[in-house]
Amino acid sequence: MGMIIIKTPEQIEGIRKSSKLAAKTLQYLEQFVVAGNTTAFINQKAEEFMRSHGAIPATLNYKGYPAASCISVNDEVCHGVPNQYVLKDGDIVNVDVTTILNGYYGDTCKMYSVGQVSPEAQRLMDVTLECLNLGIAECKPGNFVGNIGWVIGNYARKMGYGVVYQFCGHGVGVKFHEDPEVAHDADRNSGPKMKPGMTFTIEPMINEGKARVKVDKSDKWTVRTIDGKLSAQYEHTILITESGCEILTSLD
Ligand code: MF3
Ligand code: CO
Ligand code: CO
């Protein structure tokens with residue numbers, strides 16, 4: 001069992017600023033996630049935005065990862081390495097960015113639609129966002145971290161989807177990946193209890209088909225569904241407060 005860092009007010013303010021910048025990066029990228037653009041180009045725009053606002057992209061050189069963002073298209077689940085793939089009408093795209101601003105980390109991802117997407121793809125994205133929101137509704141002092149995964153797992157399965165279990169949410173803020181591990185499929189009342197001052201991500205990856213995933217053998221990073229079906233993901237960085245929680249990577 002690891003150590004969960006309870007952040008000081010000063011650290012919280014730093015993580016809040018970094019998180020807002022990460023959220024603004026995703027908002028800025030909206031205009032570039034269109035048919036005809038490569039994922040490498042979108043990554044370049046993400047890096048420019050973060051750096052021009054005084055931040056460093058946390059993923060760049062993280063354990064050897066080669067880019068400033070992760071861009072995962074269609075059957076790609078997460079950790080998609082930006083490349084020369086040209087986006088086309090109907091693609092669903094996840095962009096995941098993590099900023100380091102004044103030493104503090106903010107981590108968020110969302111889905112983008114390229115042109116008109118299928119009703120099946122839209123439903124998958126809608127349910128995945130709902131999964132994140134159900135997880136956030138569990139965030140309050142005294143509740144178990146496992147209840148986040150309990151509500152997400154049950155809802156996603158009820159909707160007929162597979163819940164990725166090989167990757168989890170995580171503590172974040174003074175490091176990229178801290179304790180606790182936040183599973184998206186977990187037993188009720190399992191794991192540590194939430195306390196004010198904890199900051200962690202919730203980042204469910206939900207599959208149209210089977211839950212199993214595999215890592216690309218050539219780029220060693222891009223994670224795909226085992227059955228080639230679609231996958232979606234949304235992620236927020238959350239602060240546990242005295243009365244509940246604050247979504248640090250939200251812009252509203
Ligand atoms: N941002 C991802 C997360 O949500 C982690 C990406 S690590 C990388 O935890 F090395 F793949 F970039
Ligand atoms: Co994360
Ligand atoms: Co992330």
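Odds and ends about this structure:
- Of residues in the stretch 103-134 being away from ligand 2 (no atom under 16 Å from the Cβ) and under 20 Å from M198 (Cβ atoms), the one most open to solvent (accessible area, probe 1.4 Å): N133
- Complete set of residues in the stretch 17-29 that are in contact (Cβ under 8 Å) with a residue 40 or more places away in the chain and open to solvent by less than 90 Å² (accessible area, probe 1.4 Å): S18, S19, K20, L21, A22, A23, T25, L26, L29
- Residue match in the stretch 62-71 (condition: within 16 Å of ligand 2 (Cβ to nearest atom), surrounded by fewer than 21 Cβ atoms within 10 Å (Cβ to Cβ) and free of Cβ contacts under 8 Å to residues at least 12 places away in the same chain): yes
- The combined condition, being modelled with pLDDT of 95 or more, at negative phi, of a type in the set (D, E) and within 16 Å of ligand 3 (Cβ to nearest atom), is fulfilled by D96.
- Q84 open to solvent by 30 Å² or more (accessible area, probe 1.4 Å), more than 11 Å from ligand 1 (Cβ to nearest atom) and either in a helix (DSSP H, G or I) or under 20 Å from T249 (Cα atoms) (or both): no
The values are calculated or read from the model by the stated rules, or taken from the named source; none is laboratory data. Values in this document were obtained by computation on a predicted structure and should not be read as measured data. All Cβ positions, even for glycine, are placed from backbone atoms using ideal geometry, and neighbour counts span all protein chains on display. Just the protein is used for accessible areas: all its heavy atoms, side chains included, with ligands, DNA and RNA removed. Shrake-Rupley method; radii C 1.70, N 1.55, O 1.52, S 1.80 Å.
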